[in-house]
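To start, the structure itself, in structure tokens.
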Amino acid sequence: MSFDPVPTPPDKGASALSAVLVEVRGTDAELASAEARRTRALARAGRLALNASAGVRASGRAAELALREVASEIAAAECVSDRSVQAQIGRAMTLADDFPVTLDAWEAGALTRTHVRVIVDAGTPLPPERRGEFDVLAVATADGLSPGRLKARLAALAESLQPTTLTERHHRGRETRCVRVVPGEDGMSDLIATLPTVLAVGIYDRLVQQSAAIIDMRRDVGRGDASTGEPAGSRESGDERGGTSGAATTAAPDTQIPDIRTLDTRTGDTRTADQVRADILADLLLTAAPDADPTRSDDGPGTLGTIRARVQVVVPALTMLRPGTENSDPADLVGHGPIDAGTARALAEATPVPWDRVITHPVTGEVLRTDTYQRTTAIDRHLRARDRHCRWPGCVAPAVRCEVDHTHDWALGGPTDVTNLAHLCQRHHTQKQFTRWTVRQLPTGVLEWTSPTGRVYIDEPLPYSPAVRFLPDDPTPPPPPATDPPPPTEPPDPAGHEREPAPL
């Protein structure tokens, strides 16, 4: 028996698609190779920073500041965040030092960036002595797998190479618990809590139960109770209304669930379950605060504990420096008279209230000006309105989360004035103090940063939109300018002869 061969179908664009596929794959390989080379360069930059810090002193702080300095140089040249560059340097050093086989495969185009990230994330928790074996096995496992499937395979592989049990690692992992805010869009942010899984799941389950109880009661308020003619929500929360309501009664006695009877049944509460859970979480965290009082039998400060005494003390600088001469110019408790130098010194050392520096005339004693290391409320308002964010080039940390820094050190004579103050986040404040970056403040709040290599970067306050725009009173265009009259012509000669031209 014989069969006729199946005819080859027409091309239908397969050749063109194949050409596109070849181009895409080739471009992917080129991008992977370029990214791998950049990673190697960043790793070299990190090693330069570590080598530089090793010559100064062997401390983690010196290494951190040296790494910040290098990252800032790269970030300023690329107009990106130095935090991002420093994180990239850290990942590059980890990849180059602990996962060299993965880096080679990435540079050869055998792996994508996502595959590399999955391998590094799965292998980083391993001890350094086990990462080499994991590196080789992970690259072999990644062949033909998507990043999602590779992640599941590598989790099992990493677990098999761990020298300790999961229980032991969990006890160490508890040390990383924290809460952080990740800014989002449209005025929203993510509040992220890193907790043991049991606690995180338990918190979420409790929110689910409470939100279910609220939504269930809301539904009853909307339709009313057919048998009694009254809203079902007017009953006590312990009514037998099914499993959801029963679960809500297991909440702690100090937890207050919003009273459903206050819901406006005319307009209706249209929040979704997710929105209700978010509102419950915010209410519990923001309003469930103890209001203790020292006159109460339980613990904690209260309304009486918030009262603080206020006094005004004037302490001459020479009296503080030379207590033996205090009789000639004693410290003064304003409104009550002199006090001894020991008491004045104790107040100066213990009080958290800022001291004002009073500059007086050396002969007459007249007050010339006052100054303080601390800012006034008016100065803070001005700086927040002017800066709005950290004034390091490219940093977007909001001003309310930053520190106000004296551009010229106050201890070296820099005034506490808007012309010498600017917002810096904690990271860049430290970098200004302990690295070779320098800054000076120009008029109108412009900061001029100079990098260790001598490059200058200007950071200007973000201007506001103008509130007033001037327009002409008459929108009609002005008339065109008048043209000059033509020059006069001389009358003809009566004899008919042509006149000689007038001499110039």
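The values are calculated or read from the model by the stated rules, or taken from the named source; none is laboratory data. Owing to the predicted nature of the structure, the values given are computational and were not obtained by experimental measurement. Here Cβ is always computed from backbone atoms with ideal geometry, including for glycine, and neighbour counts include all displayed protein chains.
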Worksheet item: Got at least one residue in the range 86-93 being touching a helix residue (DSSP H, G or I) at 6+ places or on another chain (Cβ under 6 Å), within 25 Å of LEU161 (Cβ to Cβ) and either not assigned by TED's automatic domain parsing to the domain that holds ALA29 or not in a helix (DSSP H, G or I) (or both)?
Response: no
Worksheet item: Within the bounds of the range 347-356, is there any residue that is modelled with pLDDT of 75 or more, part of a loop (DSSP other than H, G, I, E, B) and either under 30 Å from SER81 (Cα atoms) or among the β-branched types (Val, Ile, Thr) (or both)?
Response: no
Practice prompt. Could you list all residues from the range 376-426 that are touching a Leu at 6+ places or on another chain (Cβ under 7 Å) and of a type in the set (D, E, K, R)?
Written response: ARG388, ARG391, GLU403, ASP405
Discussion item. Cβ-Cβ distance below 8 Å, separation of 6 or more or different chains: which pairs start in the range 13-28 with a residue that is surrounded by 10 or more Cβ atoms within 10 Å (Cβ to Cβ) and end on one that is not basic (Lys, Arg)?
Written reply: ASP28/GLY109; ASP28/THR112
Worksheet item: Tell me, which residue of the range 361-379 that is modelled with pLDDT of 80 or more and within 25 Å of THR438 (Cβ to Cβ) is surrounded by the most Cβ atoms within 10 Å (Cβ to Cβ)?
Response: ARG375
Worksheet item: When both residues are 6+ apart or on different chains and their Cβ atoms are under 8 Å apart, which pairs have a first residue that lies in the range 174-186 and is in a loop (DSSP other than H, G, I, E, B), and a second that is surrounded by fewer than 10 Cβ atoms within 10 Å (Cβ to Cβ)?
Response: GLY184/ASP190
Fill in: Residue among GLU69, GLU35 that alone is crowded, with 18+ Cβ neighbours inside 10 Å, in contact (Cβ under 8 Å) with a residue 24 or more places away in the chain, in a helix (DSSP H, G or I) and not aromatic (Phe, Trp, Tyr)
GLU69
Worksheet item: Can you tell me which of LEU111, LEU126 is among the hydrophobic types (A, V, I, L, M, F, W, C), in contact (Cβ under 8 Å) with a residue 60 or more places away in the chain and assigned to a loop (DSSP other than H, G, I, E, B)?
Response: LEU111
Worksheet item: Which members of the range 373-413 meet the condition of being in a helix (DSSP H, G or I) and in contact (Cβ under 8 Å) with a residue 24 or more places away in the chain?
Response: ILE379, ASP380, HIS382, LEU383, ARG384, ARG386, ASP387, ALA399, ARG401, TRP410
Worksheet entry | Residues within the range 415-440 that are surrounded by fewer than 18 Cβ atoms within 10 Å (Cβ to Cβ) and outside any helix (DSSP H, G or I), tallied | 6
Worksheet item: Among the residues of the range 94-103 satisfying the criterion of being out of contact with any Leu (no Cβ under 8 Å at 6 or more places or on another chain) and either touching a residue at least 40 places away in the same chain (Cβ under 8 Å) or not in a helix (DSSP H, G or I) (or both), which is farthest from GLY123 (Cα to Cα)?
Response: ASP97
Practice prompt. Look at the range 123-154 and say how many of its residues are over 22 Å from PRO100 (Cβ atoms) and of a type in the set (A, V, I, L, M).
Written response: 1
Fill in: Contacts under 7 angstrom Cβ, first residue in the range 257-282 being in the same structural domain as GLN210 (by TED's automatic domain parsing) and part of a helix (DSSP H, G or I), partner small (Gly, Ala, Ser) and modelled with pLDDT under 85, 6 or more apart
ILE260/GLY233; ARG261/GLY233; ARG261/SER234; ALA273/SER211; VAL276/SER211; ARG277/SER211; ILE280/SER211
Item to complete: Mind counting the residues in the range 146-168 that are touching a residue at least 24 places away in the same chain (Cβ under 8 Å) and of a type outside the set (S, T, N, Q)?
Response: 9
Worksheet item: Do any residues in the range 433-444 that are more than 19 Å from VAL418 (Cα to Cα) and assigned by TED's automatic domain parsing to the domain that holds SER72 have Cβ atoms under 8 Å from those of residues that are among the charged types (D, E, K, R) and assigned to a loop (DSSP other than H, G, I, E, B), where the two are at least six apart or on different chains, and which pairs are they?
Response: none
